[in-house]
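For reference, the structure discussed in these notes is given below.
The values are calculated or read from the model by the stated rules, or taken from the named source; none is laboratory data. All of these numbers come straight from a predicted model, not from anything done at the bench. In this analysis, Cβ positions are derived from the backbone assuming ideal geometry, glycine residues included, and neighbour counts consider all displayed protein chains. Calculation scope for accessible area: heavy atoms of the full protein, side chains included, ligands and nucleic acids excluded. Shrake-Rupley method; radii C 1.70, N 1.55, O 1.52, S 1.80 Å.
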Amino acid sequence: MSQQTPHLLQMLGQLIATPSVSSTTPEHDMGNLSVITLLAEWLNNLGFQTEIMPIPGYPGKANLIATLGKGPGGLVLSGHTDTVPCNEELWKSSPFSLTERDNRLYGLGTCDMKGFFPIAIEAARQFINTPLTAPLIILATADEESSMSGAQALVDAGKPKARYAVIGEPTDMTPIRMHKGMMMESIRITGRSGHSSDPSLGANALDAMHSVLSELVKYRNHLQKNYQHSSFSVNVPTLNLGCIHGGDNPNRICGQCELEYDVRPLPGMDLSLIREDISKRVRPIEDMFGVSIDCRPLFPGIPSFETAQNTSLVKMAEQLTGHSAEAVAFGTEAPFLQALGMETIVMGPGSINQAHQPDEFLALDQIKPTVEILTKLIQRYCVDIQGDASSA
């Protein structure tokens with residue numbers, strides 16, 4: 001065991017003390033290079049070959065690909081290095097200091113999901129002097145909480161190549177084999193301002209938006225009538241009307257109005273087709289009200305994800321955890337790793353109920369079982385594996 005790489009809790013403390021917030025709001029957004037550098041140093045000390053991959057167009061942000069062993073196939077243990085912003089005043093202790101209280105470890109990112117990295121490294125330590133049949137890869141990404149730019153950069157680069165991948169998002173160590181996609185979209189309507197006493201003097205963007213909202217509600221009903229999936233607790237695609245802004249004064253015809261909304265499609269539903277359907281439905285409203293309508297994504301979106309029930313990794317995870325694989329509504333980087341050819345599941349310590357909340361925590365009693373399960377996965381897919389070691 002390397003004496004240069006800190007103990008698990010020391011690693012977690014350093015990660016929590018290194019802020020790496022990502023946000024679509026520029027004043028909250030920051031880089032993740034300090035976290036990536038820490039992980040690269042620790043993994044280098046253990047004998048991993050490390051590659052820091054800058055994210056094109058995102059200064060100060062990078063992915064890390066750390067590889068132990070050589071050859072085709074292998075196992076990826078993956079996590080994102082960024083956290084959401086936080087309201088520090090609502091925390092009982094500093095979100096940027098690891099605090100142990102009531103058999104829990106508190107800090108921003110303890111469960112979502114900096115806590116996964118020290119646990120994965122602790123499992124990996126046990127194989128430093130073991131000849132591997134297939135490589136072990138620890139993957140750390142940027143901007144999962146905002147743009148998915150880190151995961152997309154991996155797809156664009158075509159790496160890493162492996163056969164299996166576990167993404168350590170907080171699932172209470174229940175294997176997740178499918179999740180809904182996520183789209184965040186906007187519709188901006190530009191009309192023409194004028195005095196409210198005479199509607200003919202302008203083109204009211206709010207009036208047009210009323211019709212757009214009606215079309216979106218009709219489309220939501222259409223989706224939920226035609227698409228269901230019994231594996232999900234909310235077994236239909238959802239369309240949430242999130243926020244709306246328009247106009248500036250009661251006595252002026254509204255010249256501009258913008259809606260932002262969220263769609264959660266089921267596995268098998270194509271994001272681009274949903275966008276196309278919505279555009280077709282709202283486009284006739286332009287002529288009806290004499291306005292222009294601009295439909296655009298707020299970010300490229302997260303595809304839905306599904307790994308078959310009978311795959312090796314799903315069955316192995318079910319066996320090791322004693323939990324049947326499930327489906328969740330939240331999105332992850334899983335479809336991006338799947339696009340690289342990997343058999344992928346989502347499974348990690350901590351609960352999604354603690355994520356994005358004040359006083360986020362990771363229960364101490366989840367650490368040792370997670371190390372043991374990851375150790376068995378590494379043994380299975382990097383040491384014992386024989387005939388199916390070829391890259392998928």
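Please verify whether segment 50-69 includes one or more residues that are closer than 21 Å to residue 370 by Cβ and either part of a loop (DSSP other than H, G, I, E, B) or modelled with pLDDT under 95 (or both). If you could, list the steps in order and put the result at the bottom.
Step one: list which residues in segment 50-69 are closer than 21 Å to residue 370 by Cβ, which gives 64, 66, 68.
From what's left, either part of a loop (DSSP other than H, G, I, E, B) or modelled with pLDDT under 95 (or both): none.
For segment 50-69, residues closer than 21 Å to residue 370 by Cβ and either part of a loop (DSSP other than H, G, I, E, B) or modelled with pLDDT under 95 (or both): absent.
Which numbered condition in (1) farther than 20 Å from residue 180 by Cα; (2) open to solvent by 70 Å² or more (accessible area, probe 1.4 Å); (3) of a type outside the set (Gly, Ala, Ser) is the only one that residue 259 fails?
Exception for residue 259: condition (2).
Which is within 20 Å of the chain's Cα centre (by Cα) and over 24 Å from residue 364 (Cα atoms), of 54, 19?
Numbers: 19 fails: over 24 Å from residue 364 (Cα atoms).
Answer to the check: 54.
If a residue must be of a type in the set (Gly, Ala, Ser) and either within 22 Å of residue 364 (Cβ to Cβ) or part of a loop (DSSP other than H, G, I, E, B) (or both), how many such residues does segment 22-49 contain?
Final tally of qualifying residues: 4.
Take the residues of segment 48-59 that are more than 26 Å from residue 4 (Cβ to Cβ) and of a type outside the set (Val, Ile, Thr): which is surrounded by the most Cβ atoms within 10 Å (Cβ to Cβ)?
Ranking the candidates gives 58 first.
Take the conditions of a type in the set (Val, Ile, Thr), open to solvent by less than 40 Å² (accessible area, probe 1.4 Å) and in a helix (DSSP H, G or I) and apply them to residue 345. Does it pass? I'd like the intermediate steps shown before the answer.
Working: of a type in the set (Val, Ile, Thr): yes; open to solvent by less than 40 Å² (accessible area, probe 1.4 Å): yes; in a helix (DSSP H, G or I): no.
For residue 345, the condition - of a type in the set (Val, Ile, Thr), open to solvent by less than 40 Å² (accessible area, probe 1.4 Å) and in a helix (DSSP H, G or I) - is not met.
Within segment 181-214, track down each residue that is out of contact with any Gly (no Cβ under 9 Å at 6 or more places or on another chain) and either closer than 30 Å to residue 307 by Cα or without any contact (Cβ under 8 Å) to a residue 60 or more places away in the chain (or both).
Of everything in segment 181-214, those that are out of contact with any Gly (no Cβ under 9 Å at 6 or more places or on another chain) and either closer than 30 Å to residue 307 by Cα or without any contact (Cβ under 8 Å) to a residue 60 or more places away in the chain (or both) turn out to be 197, 198, 199, 210, 213, 214.
Hand me the list of strands (runs of 3 or more DSSP E) wholly inside segment 124-196 holding 2 or more residues that are within 29 Å of residue 278 (Cβ to Cβ) and open to solvent by 30 Å² or more (accessible area, probe 1.4 Å).
Where strands (runs of 3 or more DSSP E) fall fully within segment 124-196 and carry at least 2 residues being within 29 Å of residue 278 (Cβ to Cβ) and open to solvent by 30 Å² or more (accessible area, probe 1.4 Å), they are 183-190.
Tally the residues that are part of a loop (DSSP other than H, G, I, E, B), buried (at least 18 other Cβ atoms within 10 Å of the Cβ) and more than 24 Å from the chain's Cα centre (by Cα), restricting the search to segment 278-316.
Total meeting the criteria: 1.
From the list 272, 324, 233, which residue is open to solvent by 30 Å² or more (accessible area, probe 1.4 Å), at pLDDT 95 or above, outside any helix (DSSP H, G or I) and polar (S, T, N, Q)?
None of the others qualify; the one that does is 324.
List, please: which pairs have Cβ atoms under 9 Å, are six or more places apart or on different chains, and start with a residue in segment 250-262 that is small (Gly, Ala, Ser) and end with one that is assigned to a strand (DSSP E or B) and open to solvent by less than 80 Å² (accessible area, probe 1.4 Å)?
Close Cβ pairs (under 9 Å, with a partner that is assigned to a strand (DSSP E or B) and open to solvent by less than 80 Å² (accessible area, probe 1.4 Å)) amount to 255/190; 255/203; 255/246.
I'd like to know if segment 354-361 contains one or more residues that are assigned to a helix (DSSP H, G or I), open to solvent by 20 Å² or more (accessible area, probe 1.4 Å) and in contact (Cβ under 8 Å) with a residue 12 or more places away in the chain.
For segment 354-361, residues assigned to a helix (DSSP H, G or I), open to solvent by 20 Å² or more (accessible area, probe 1.4 Å) and in contact (Cβ under 8 Å) with a residue 12 or more places away in the chain: absent.
With the requirement that a residue be surrounded by fewer than 24 Cβ atoms within 10 Å (Cβ to Cβ), among the small types (Gly, Ala, Ser) and farther than 30 Å from residue 71 by Cα, what does segment 83-123 give you?
93, 94, 97, listed by residue number.
Scan 257, 243 and give me the residue that is touching a helix residue (DSSP H, G or I) at 6+ places or on another chain (Cβ under 7 Å), in a strand (DSSP E or B) and at pLDDT 95 or above.
Values: 243 fails: touching a helix residue (DSSP H, G or I) at 6+ places or on another chain (Cβ under 7 Å).
Residue meeting the stated conditions: 257.
Does any residue of segment 96-107 turn out to be in contact (Cβ under 8 Å) with a residue 24 or more places away in the chain and part of a helix (DSSP H, G or I)?
Checking segment 96-107: not a single residue is in contact (Cβ under 8 Å) with a residue 24 or more places away in the chain and part of a helix (DSSP H, G or I).
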